[in-house]
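For reference, the structure is listed below as C-alpha cells.
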Amino acid sequence: MIIKPYSSMHFYERDGSFAKGAGLGEARKRGLFPSVTTISGIIRLPAIDAWRNNLLLNVAWDELIRCVGLRDPDEIEWKKTVTDEWRRGQSKASGLGTDVHGSIEDFLRDGRRPNPHGTDLILSTIDQIEAWMEENVVKIDGIEDSFAHPMGFGGRTDLHGTWGVRQRPFTLDWKTQGKPIDDISFWDDWPVQLSANAAGQGKLDGDLISAAISTVEPYGVTFREPWGDNLYWFGRFNNRFDVWKDEKKFDPLDWSPA
C-alpha cells in the first residue's frame, strides 16, 4: 500500500474572489484561476523540502521508539501514523504563520493590538512592524487584497501601498521562519511570488519587499527592501506558470463555458 502525500491547491474566481474548497477538477469546469502559491508549488524548493524531510525523520524516529515495546507492530499502520503526525507538524507550523498574519492584519486595518497576555512572539512582532511602518510607509492601498490577473492567475497580497522618501509603490509579503532572527534566510522564491502579487495589484513597476519574522526567541522582524529587477522575477514566475499549465493540462485562458 502506498501512502500518498498530501497536496493542496487554491484557486480564485475570475472576478478575483477566493474559490473556497475548489480543486483542479472544479477549476477546469469553471475556468478558475490558480493561485500564485499553487503555481509556485510546481517547482521543488530545497529549503522547504529539507524542512519537511527533517520533520518526517524526527516524527518517524519518535514513532519508532514508541513502537519498540509493541508486539508485532503493523507496517502499514505504522507508516500511516508517521505520515499523519508529519502532516500535523506541518499544519502546526502553517497555523502559527496564519496566527501571526492575522494579528498583523488586525493591527494594520484598525490598530487592534494583541491581548497583552498574548504570546511574546506576536506582541514583539507588532511592535517592530509598527516602528517600521511609521518610519517608511507613506500610504496603505490595500491589506490582504485578492485579485485575478488577466494572464490567468489569482492571489492575495499581504500589503501594498506607497513608501519611502521617493514615495514609490510597494508590494510586501510577511514570511515566518523557525530560526533566530540572526539566522533568517531570504530565499529567491520570495520575489518570484512577490512579483506576481505586485502585477496583480498593478504595481509591478514598484518595489518588492519581504518581511521575515522569526518564530523563535529572540523574536524579531527583518526586511529585504527592495529586491529589485522586477521583470526578471516576474519572468521566472511566468516560466513556472507555463510549466504548471503544461503539467496540469489546463490553461484558464483557453477555458470557455460549457
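The values are calculated or read from the model by the stated rules, or taken from the named source; none is laboratory data. Bear in mind the structure is a predicted one, so any value in this text is a computation, not a measurement. Using ideal geometry, Cβ is built from the backbone for each residue, glycine included, and neighbour counts are taken over all protein chains shown.
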Go through (1) at pLDDT below 95; (2) under 20 Å from the mean Cα position of the chain (by Cα) for Gly164 and report which single condition fails.
(2)
Taking Ser146, is it touching a residue at least 40 places away in the same chain (Cβ under 8 Å), in contact with a helix residue (DSSP H, G or I) (Cβ under 9 Å, 6 or more places away or on another chain) and among the hydroxyl-bearing types (Ser, Thr, Tyr)?
yes
Would you say Asp141 is closer than 19 Å to Glu225 by Cα and either touching a strand residue (DSSP E or B) at 6+ places or on another chain (Cβ under 8 Å) or in contact (Cβ under 8 Å) with a residue 60 or more places away in the chain (or both)?
yes
Return the total of residues in segment 176-220 being buried (at least 23 other Cβ atoms within 10 Å of the Cβ) and at pLDDT below 95.
1
Which of the strands (runs of 3 or more DSSP E) found entirely inside segment 144-258 contain at least 1 residues meeting this: touching a Pro at 6+ places or on another chain (Cβ under 9 Å) and hydrophobic (A, V, I, L, M, F, W, C)?
154-163, 168-177, 207-214
Would you mind stating whether Ala131 is outside any strand (DSSP E or B) and in contact with a helix residue (DSSP H, G or I) (Cβ under 9 Å, 6 or more places away or on another chain)?
no
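Quick grid of which residues meet (1) more than 25 Å from Asp188 (Cα to Cα); (2) part of a strand (DSSP E or B); (3) modelled with pLDDT of 95 or more; (4) out of contact with any Cys (no Cβ under 7 Å at 6 or more places or on another chain):
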{"position": "Met1", "(1), (2), (3), (4)": "yes, no, no, yes"}
{"position": "Tyr6", "(1), (2), (3), (4)": "no, no, no, yes"}
{"position": "Met9", "(1), (2), (3), (4)": "no, no, no, yes"}
{"position": "Gly16", "(1), (2), (3), (4)": "yes, no, yes, yes"}
{"position": "Gly21", "(1), (2), (3), (4)": "yes, no, no, yes"}
{"position": "Ala27", "(1), (2), (3), (4)": "yes, no, yes, yes"}
{"position": "Ile39", "(1), (2), (3), (4)": "no, no, yes, yes"}
For segment 25-41, does any single residue satisfy the condition of being free of Cβ contacts under 8 Å to residues at least 60 places away in the same chain, within 20 Å of Ser256 (Cα to Cα) and touching a strand residue (DSSP E or B) at 6+ places or on another chain (Cβ under 8 Å)?
yes
Residue pairs, Cβ under 6 Å, 6 or more apart or interchain, first in segment 234-258 and under 27 Å from Asp188 (Cβ atoms), second among the aromatic types (Phe, Trp, Tyr). List them.
Pro252/Phe33
When residues of segment 160-175 are filtered for being surrounded by fewer than 21 Cβ atoms within 10 Å (Cβ to Cβ), of a type in the set (A, V, I, L, M, F, W, C) and within 26 Å of His149 (Cα to Cα), how many remain?
1
Failed item in (1) buried (at least 16 other Cβ atoms within 10 Å of the Cβ); (2) free of Cβ contacts under 8 Å to residues at least 24 places away in the same chain; (3) under 30 Å from Asn238 (Cα atoms), with Thr98 passing the rest:
(1)
Starting from segment 180-199, take each residue that is in contact (Cβ under 8 Å) with a residue 40 or more places away in the chain and list its partners that are part of a helix (DSSP H, G or I) and among the hydroxyl-bearing types (Ser, Thr, Tyr), counting only C-beta distances under 6 angstrom and pairs at least six apart or across chains.
Gln193/Ser40
